[in-house]
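Input: a single structure, listed below in structure tokens.
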Amino acid sequence: MLIWTLDLGGRTGWAMGPAGKRPTSGSWVLKGDDDTREEAWARLGRRLRDHLSVERPDLIVIEAALEPGGQKSGHAAANTFGYLGAVYAVAGCYRVRVAAAHAQSISKHFIGRGRVGDRKLKKQLFIDRCHLLGLLDRDCRDDNRADAVALHDYASARWGRAAPKELVLFGGSP
């Protein structure tokens, strides 16, 4: 099963690969300082369209949105739902299924704790775990990319029903 995961935001992390294998990953800057959120949503839509016209995953997985009341502000909720709308709309045009995973489930699976009080600490734990498992190169410090890779690992286990193909111990090479 080919899985594409997206950590949506102004800087969107992505990871794509077969379930249970090290995915190809990266991040896109969707919203610059002078861009409107509508421009960022359109930029995401074009990226998705361009990619899906060449390669179609079996599944796209995104992090589930918090309820609007759980968002920091109405502006944050609008941003979140705009990105989600772009994903569902473009994926639907290509008949690619989209699934959503809850942030706490991803964290529990990947770092053993569902809740981590400090956002910066959680990001660092994800980066460290990616390095330990050989899912990101040691010089990569991109937390958006690490979030997408962690989501890919979770999606591989949950929807791909795949265990990692290579065992990496103590931060060694796969």
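The values are calculated or read from the model by the stated rules, or taken from the named source; none is laboratory data. This structure is a prediction, so every number in the text was calculated from the model and none was measured. With ideal geometry, Cβ positions are generated from the backbone for all residues, glycine too; neighbour counts draw on all protein chains shown.
Below are the figures for this structure:
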item: Output for the stretch 114-146, where each listed residue is of a type outside the set (A, V, I, L, M, F, W, C) and touching a residue at least 12 places away in the same chain (Cβ under 8 Å); result: K122, K123, Q124, R129, H131, G134, R141, D142, D143, N144, R145
item: Residue that is farthest from A78 (Cα to Cα) [pool: residues in the stretch 1-21 that are at pLDDT 95 or above and out of contact with any Ser or Thr (no Cβ under 9 Å at 6 or more places or on another chain)]; result: L2
item: Test for D118: is it of a type outside the set (V, I, T), at negative phi and modelled with pLDDT of 95 or more; result: no
item: Residue within the stretch 143-152 that is more than 16 Å from D7 (Cα to Cα), modelled with pLDDT of 90 or more, buried (at least 19 other Cβ atoms within 10 Å of the Cβ) and within 16 Å of the chain's Cα centre (by Cα) present; result: no
item: Given (1) outside any strand (DSSP E or B); (2) in contact with a strand residue (DSSP E or B) (Cβ under 6 Å, 6 or more places away or on another chain), index of the condition L48 fails; result: (2)
